[in-house]
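Enquirer: Structure below; questions to follow.
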Amino acid sequence: MGQPAEKAYYRFVVLFFNCLLTFGSYFCFDIPSVLQDQFQGNLTCPNATVINGTVDCVEGLGMTPQEYNLLYAIYAWTNAVVVIMAGFLIDKLGNRFGVFLFSFLCVLGSSLFALGSHFKGTPYLLPLMLTGRLLFGSGNGSLTIVQNRITAFWFKGKELALAFGVTLAFSRLGSVLNFFFTQKFEENYGMQWTLWGGALLCVLGFTSAIIVSALDKIGMRQLGLDGAIQEESRKVRIQDVKLLSLRYWLLVLTIMFFYNGIFPFIADASKFIQDKYDDYSQKEAAYIAGAVYDCSLVLSAGVGILIDYVGLRGIFALACAVFTLPVFGLLAFTFVPPLVSTIWLGVTYSFAAASMWPSIPLVVPQATLGTAMGLATSVQMVGIGVSNLVVGQILGTKSSETKIPLWRWQRMMIFMLANTICCIVTSVLLNIVDRRQGGTLNKTTKRSAQAARDSDREPLNPGEEEQNEDDDEDDVQGFKFVL
């Protein structure tokens, strides 16, 4: 009679608790986007007046647009530094080390961020909140890497596409619920309790980390793979980064330029909608901005299965960039209802996430996969961090208690357009180089996986060929998708 770890129900129990790892952290990540008015509102509203039943002043933390966007920039930059080593360390020290460390950093960072809100009007507010975002960023991006590593181990060769789709959907569910409920919660209980509520959800992730670690440890022991994985971990070397190809770097740049137009836009979308379109309340604007994540939640699993079936990852990456171009044009120069643009952006984002990140394991040797994923995430976060700073500078450095002028928002959208055009250029080059090197990205899953296995048989360094022929790395490493 087989061990429980060999049964289907066991891996789906692992999947459930693994999904909960990032549910709370994704909820916390975009709380500032929903409460942007409160973050940038006045410290007090002594001369507030009521116009048409609404108060013309929002009481808040008194941040400038530049300081507000710095909250997102420091998150991205911290990710950029930490994830370079996170994938390498997870490969060397194992899933359990990574899941405990990074989920604890999410709890610590979100708690410090909430604590900072109690120092409104003092010099301590911004340093405390930035430190909180720094620690939170150290944990969340790296936690996604170890989360996907666990998913890959348990579902490789089985329901892999479905498992990754469900994992991404759970994370996006946290983002969606944030856009639906955070503003209402803040109205009833205030900003400080809202931020502490987000920290409590990160505690849920830490609890899930304890459970999934136990399940992972017991399961690997029952399967007799614990010792084999430790042996493989000792072979991972940081020097393997030099083996990464031109195709890999073009893929990384394509990812960076695409995400440069997504996350900085979402960070400011709620206020943009209120400033440009007069008919939307803060709650309605948050719902519309969150439609990007709504689409991702609904489409993630189905799109992942579709792309696994038809292949064409390089073509999908190019198409996503091309079809994203009109979105920022509509937002900048027309008064088409913003929900049209956010849903449109959500669809292209869903296809991009399912086509770009899963392509990385197909263009790098298996032994360098952890380092390659961490480095790709790092480059992505550097780009997002710089974009957040540029957006903050475009929108101005003064307190935005009144509307930001439309011409500033148009310049921001033009900046997003420029990033999307760069994404088109790099994705075209990616497809050209990929075609010359066998067209791995655009093959169906079965054929591209075979090509990837063939490349894994090549020695990493001269003299290692005989040793590597005996290694069955596929059974140990798995794929790591960062979505």
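The values are calculated or read from the model by the stated rules, or taken from the named source; none is laboratory data. In this text the structure is predicted, and so the values were computed from the model without any measurement. Don't worry about glycine lacking a Cβ; one is built from the backbone with ideal geometry, like all the others, and counts go over all protein chains shown. Please note that ligands, DNA and RNA were not included when accessible areas were found on the heavy atoms of the full protein model with its side chains. Shrake-Rupley method; radii C 1.70, N 1.55, O 1.52, S 1.80 Å.
Enquirer: So for the pair Phe97, Tyr277, with labels modelled 7 Å out along Cα→Cβ, what separation do we get in nm?
Expert: 4.9
Enquirer: Thinking of the range 81-209 as a set of Cα atoms, what percent of all their pairs are more than 21 Å apart? Numbers along the way, then the final one.
Expert: On the way: 3982 of 8256 pairs.
For the range 81-209, the fraction of Cα-Cα distances above 21 Å is 48 percent.
Enquirer: Kindly report the accessible area of the range 81-149 per residue (heavy atoms of protein chains, probe 1.4 Å, no ligands, DNA or RNA), in Å².
Expert: Value returned for the range 81-149: 34 Å² of accessible area per residue.
Enquirer: Give me the extension gain from Ile315 to Gln410: residue separation times 0.36 nm, minus the current Cα-Cα distance, reported in nm with one decimal.
Expert: Full-extension gain reported as 31.2 nm.
Enquirer: Once you put a point 7 Å from the Cα of Leu246 and another 7 Å from the Cα of Gln192, both along the Cβ direction, what distance in nm separates them?
Expert: 5.9
Enquirer: Separate question: Which whole-number percent of Cα pairs in the range 251-366 have a distance greater than 24 Å? If you can, show how the numbers build up before the last one.
Expert: Working: 1930 of 6670 pairs.
Every Cα pair in the range 251-366 considered, those over 24 Å come to 29 percent.
Enquirer: Can I ask one more? So, for the range 270-365, what is the accessible surface per residue at a probe of 1.4 Å, expressed in square angstrom?
Expert: 34
Enquirer: Which value, in Å² rounded to 10, gives the accessible area of Thr371 with a 1.4 Å probe and all protein chains present?
Expert: Counting only protein heavy atoms, Thr371 exposes about 10 Å² to solvent.
Enquirer: Given a 1.4 Å probe and every protein chain left where it sits, what share in percent of the accessible area of the range 115-223 is carbon and sulfur? The partial results should precede the final answer.
Expert: On the way: 2970 of 4230 Å².
Carbon with sulfur: 70 percent of the solvent-accessible area.
Enquirer: Please give the FRET efficiency for Asn42 paired with Gln393, using the beta carbon to beta carbon distance and R0 = 25 Å, rounded to the nearest 0.05.
Expert: Computed FRET efficiency for Asn42 and Gln393 comes out at 0.65.
Enquirer: Taking the simple approach of a point 7 Å from Cα along Cα-to-Cβ for both Gln437 and Lys403, what is their distance in nm?
Expert: 5.0
Enquirer: Run the numbers for His118 and Phe12: contour at 0.36 nm per residue of separation, minus the present Cα-Cα distance, in nm.
Expert: 34.0 nm
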